[in-house]
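Taking it in order: structure first as structure tokens, then the write-up.
The values are calculated or read from the model by the stated rules, or taken from the named source; none is laboratory data. Since the structure is predicted, the reported quantities are computational estimates derived from the model, not experimental observations. Ideal geometry is used to build each Cβ from the backbone, glycine not excepted, and the neighbour counts take in all protein chains shown. When the accessible area is computed, the model is the full protein with side chains, heavy atoms only, and any ligands, DNA or RNA have been set aside. Shrake-Rupley method; radii C 1.70, N 1.55, O 1.52, S 1.80 Å.
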Amino acid sequence: MQKQSVRSLSPQTLAGLSGVTIRSRGCVLHQSQVKRKQQSGTKRPLSRICSATTQLDRGTQTHDAAKNSQKVLDEPAGEQASDRYVWTTQWYPVRVAEDLHTDRPNAVKLLGKDLVIWRDAQKQWRCFEDACPHRFAMLSEGRIEADGTLACAYHGWRFDGEGKCTTLPQTFGAAELDNAISNKKSCAVSYPVQVKHHLVWVWPDAGPNNHLEAMAQEVPVAPELLDDSKCIYLHPWYMRELPYGFETLLENLVDPSHVPFTHSGIIGDRTSAAIFRMTLNQKATLHGGFAMDLREVQPGASDLVEKGGKNTDSTLHFVPPTLTRYNFGTDELPLILMSYCTPIAPGRSRLLYCLAGERDKVPKKIQRIVDLVPGWAKFVNHFTRGDVLDGDNVFLHGIDRKLSTEEGYTTQKYYTPTTSDLAVRTIRNWLENMASPVPWPSNALADMHTRDIPREELLNRYHQHTKHCKNCSQALTVFTWAQKVALGGSVLLTALSGSAAFTDDSHRPLAFGLLAGAVASGLAAAQLSKVCQRFIFVDYVQQDH
């Protein structure tokens, strides 16, 4: 038997999402498709008490999912959970910590809930429900006062870091104030929050013991990167909000085979796409997720179905509810690509990911290069990541919408016959046969599914990333200012050139010089305008790639 041509996952595959070209072996990720029939369950009402008394909708929900009839290859059935997955008692990353405003509140959405994150006088991050208990005005529209309290912009009520109301301007005298704020109804609904691995994490459960429960559970992260001081981020955290659902994003993140086709010319080449051989090495469980070995077989290999051996250098891990992790590379450069997908609302999700490694295992030369890259230049890397995510934004939204609203489209009708589909089948099994449906509030809006979304919105980089990224928003401000200066300079030089040309023949050389300067300034303004557009919207047409 002829020995097949095999290599670990290609560097182009994973490097695309991280915006880096790595001359080693690697892996890939991106998004695909899904949906789930949700059944409403009993819901307990929110009780508004200080710093932890409101329970998120956590209804007992049941879900029947028919098994895929197209099981051409053996696939794990997983374990049928005796209890259902409790989505609200988990840690979720919501933003990159350095991108949050420290001098004003930040609005975020998680599991269909509107939340506000802010930093108090002790420089501790806090998370409240984005509703003042007075008349539900958005606290994210308020301000952080000099004493470190969060003030509602509607009537001036103020809250400390625990959610207790400290100031109620409409009361007469201390006695009336004390009486008003002693009532638990005056408190903001508070959720546990922490900063870890450069991300802000929220525990979206406001039950009476939520802080104790939250602190007893670690955030999901690659074990190699538990100690932040011992890891190096070759490409730091990148966040983008996406116009399709959490499950569609999660499914696509475990599907490396789409990358050379969807992102051809940016990552890989569709004309020489490899075949992925996936082998389950950790059976799927409700809370443990699963793990797989991945091997990338080059086209033309004579024996595609390998009888023995594992590619231990390239592995895929899914850790519920949000983490997908690829370990790949070589002995000389082992790398880890961590991606978190966070459920925002029906038809909307948030992706945060980075490329990292253990510092003592990364060559000193690469460490020096990483350390030399100035922080202000991150936007260049973010352009590349934006190009990658734009590649499938349009059709992933379409898939998500079909599965959610159009009759006849269900995940049970997927035809996934190849070994490259094993991770998709396994994650689908976990979502439908093991975990309970995501507990969206009954009033959660699925607007991304109920209206036609133009490409300008599906691919809108400004609202999905730039305005949430401190580096990119600052860079956009600088480039916009430079573009206006260049344009203004072009107009001014043109006017001066005309004035010099008509005053005296001896001024004609000066006039030509001014005109040349005007043309150069105009060209610079045009180029700067194109750069600014990359922060806002770039249409991605598959047929052009």
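Filter region 135-144 for residues that are closer than 18 Å to Asp114 by Cα and open to solvent by less than 50 Å² (accessible area, probe 1.4 Å); which is nearest to the chain's Cα centre (by Cα)?
The extreme case among them is Ser140.
Any idea which of Val380, Val373, Val388, Val394 is of a type in the set (A, V, I, L, M, F, W, C), out of contact with any Cys (no Cβ under 8 Å at 6 or more places or on another chain) and open to solvent by less than 30 Å² (accessible area, probe 1.4 Å)?
Val388
Going through Val478, Val485 one at a time, which residue ends up being without any contact (Cβ under 8 Å) to a residue 24 or more places away in the chain, closer than 30 Å to Thr102 by Cα and not polar (S, T, N, Q)?
Checking each option against the conditions leaves just Val478.
Among the residues of region 81-107, which ones are among the β-branched types (Val, Ile, Thr) and buried (at least 23 other Cβ atoms within 10 Å of the Cβ)?
Val94
Could you list all residues from region 216-270 that are closer than 30 Å to Lys402 by Cβ and without any contact (Cβ under 8 Å) to a residue 40 or more places away in the chain?
Listed by number, the residues that qualify are Phe261, Asp269, Arg270.
Anything in region 513-545 that is in a helix (DSSP H, G or I) and either within 23 Å of Cys469 (Cα to Cα) or of a type in the set (Val, Ile, Thr) (or both)? List them, or say none.
Val519, Gln527, Leu528, Ser529, Lys530, Val531, Cys532, Gln533, Arg534 - these are the residues of region 513-545 that are in a helix (DSSP H, G or I) and either within 23 Å of Cys469 (Cα to Cα) or of a type in the set (Val, Ile, Thr) (or both).
What's the number of the only condition in (1) surrounded by 15 or more Cβ atoms within 10 Å (Cβ to Cβ); (2) outside any helix (DSSP H, G or I) that Gln170 fails to meet?
Of the numbered conditions (1) surrounded by 15 or more Cβ atoms within 10 Å (Cβ to Cβ); (2) outside any helix (DSSP H, G or I), the odd one out for Gln170 is (1).
In region 145-159, how many are among the aliphatic types (A, V, I, L, M) and buried (at least 19 other Cβ atoms within 10 Å of the Cβ)?
2
Mind listing whichever residues of region 231-274 are in contact with a Leu (Cβ under 7 Å, 6 or more places away or on another chain) and aliphatic (A, V, I, L, M)?
Leu234, Met239, Leu242, Leu249, Leu253, Val254 - these are the residues of region 231-274 that are in contact with a Leu (Cβ under 7 Å, 6 or more places away or on another chain) and aliphatic (A, V, I, L, M).
Scanning region 194-214 for residues that are under 15 Å from Cys127 (Cα atoms) and among the aliphatic types (A, V, I, L, M), which turns out most open to solvent (accessible area, probe 1.4 Å)?
Val195
Which numbered condition trips up Ala107, out of (1) farther than 28 Å from Asn183 by Cβ; (2) modelled with pLDDT of 95 or more?
(1)
In region 219-255, what count of residues is obtained for those that are assigned to a helix (DSSP H, G or I) and at pLDDT 90 or above?
Within region 219-255, residues that are assigned to a helix (DSSP H, G or I) and at pLDDT 90 or above number 8.
Kindly indicate whether Asp114 is modelled with pLDDT of 95 or more, open to solvent by 70 Å² or more (accessible area, probe 1.4 Å) and not in a loop (DSSP other than H, G, I, E, B).
Yes: the conditions hold for Asp114.
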